[in-house]
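Working notes for the structure below.
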Amino acid sequence: MVMLPGKQVNLRFIQDEDLPELLTLMNDLTNRGDYLGVELHHETKIQKYYNDAGYWESDFGRMLITHKSGRIAGAITFFKGAADNEGYEIGFQIYRKEDRGKGYATEALRLFSSYLFEWKPIPRLQICTAKENAAARRIAEKCGFVYEGTMRHAYFARGKYVDLDLLSMLRHECPPLSEVMAEGS
């Protein structure tokens with residue numbers, strides 16, 4: 001199985017057998033947190049994304065964040081934001097409340113960022129997080145992302161418009177994948 005190993009977690013591609021649990025985790029509104037929307041995902045949509053490309057294409061990809069035991073803790077995604085933007089946006093989520101605050105997202109973001117810079121000839125990565133989501137911003141900043149500004153009323157979630165903080169990392173600011181993986185080995 002292809003994976004990026006870390007100290008606490010691994011990142012790996014989604015497998016067919018993950019889909020039922022992934023659908024349950026993605027649709028669990030009680031564990032979604034206060035900053036993500038309430039969109040529900042239909043089983044046929046999830047299966048189609050998997051069948052089309054295994055959740056991994058040139059301009060979109062999702063990997064699972066798993067405990068060393070193999071249990072799914074969350075997911076991390078890259079995607080093309082604005083069409084004329086050079087680089088990609090990253091989103092991440094730890095699914096269960098009991099897995100939050102343990103460093104899993106921080107480690108996953110370090111691994112994923114280094115991997116994307118090694119794989120793609122891009123100058124930058126960015127993260128947009130709800131202004132009130134201090135935990136997500138701390139994670140991004142711990143990984144070397146720098147605050148660039150706030151986009152006012154940029155996202156609609158849970159019945160209201162939300163301001164988003166934009167943070168970015170340039171290629172030269174990111175450690176090489178070999179160093180990040182070596183930390184986890």
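A short reminder: the numbers here are calculations on the coordinates, not readings from a lab. Values in this document were obtained by computation on a predicted structure and should not be read as measured data. Neighbour counts run over all protein chains shown; Cβ positions are idealised from the backbone, glycine included.
In terms of surrounding Cβ atoms within a 10 Å radius of their Cβ, LEU40, LEU4 rank from fewest to most as LEU40, LEU4. As a proxy for reagent exposure, ARG138, ARG171 were ordered by neighbouring Cβ count within 10 angstrom, fewest first; the result is ARG138, ARG171. Taking a straight line from the alpha carbon of LYS131, these lysines sit under 23 Å away, with near neighbours fewer than eight places off in the same chain left out: LYS80, LYS97, LYS102, LYS142, LYS160. Taking amide hydrogens as placed 1.01 Å from N in the peptide plane, the amide H of GLN8 sits under 5 Å from that of no residue at least 5 positions away in sequence or on another chain. Put in line by how crowded their Cβ is, counting other Cβ atoms within 10 Å and starting with the fewest, ARG71, ARG124 read ARG71, ARG124.
Backbone phi angles across segment 159-166, fed through the Karplus curve with coefficients 6.51, -1.76 and 1.60 (θ = phi - 60°), yield HN-Hα couplings of x, 8, 7, 10, 7, 10, 8, 9 Hz in residue order; Gly and Pro are listed as x. Summing Cβ point charges (Lys, Arg +1; Asp, Glu -1) relative to the Cα centre of the chain gives a dipole of roughly 460 debye. Sequentially through segment 66-72, phi angles give Karplus couplings (6.51, -1.76, 1.60; θ = phi - 60°) of 10, 5, 4, 6, x, 5, 5 Hz, Gly and Pro residues having no value and appearing as x. Secondary-structure-derived ellipticity at 222 nm for the chain, considering helices only, amounts to -8500 deg cm²/dmol, per-run term -39500 (n - 2.57) for DSSP H runs with n ≥ 4.
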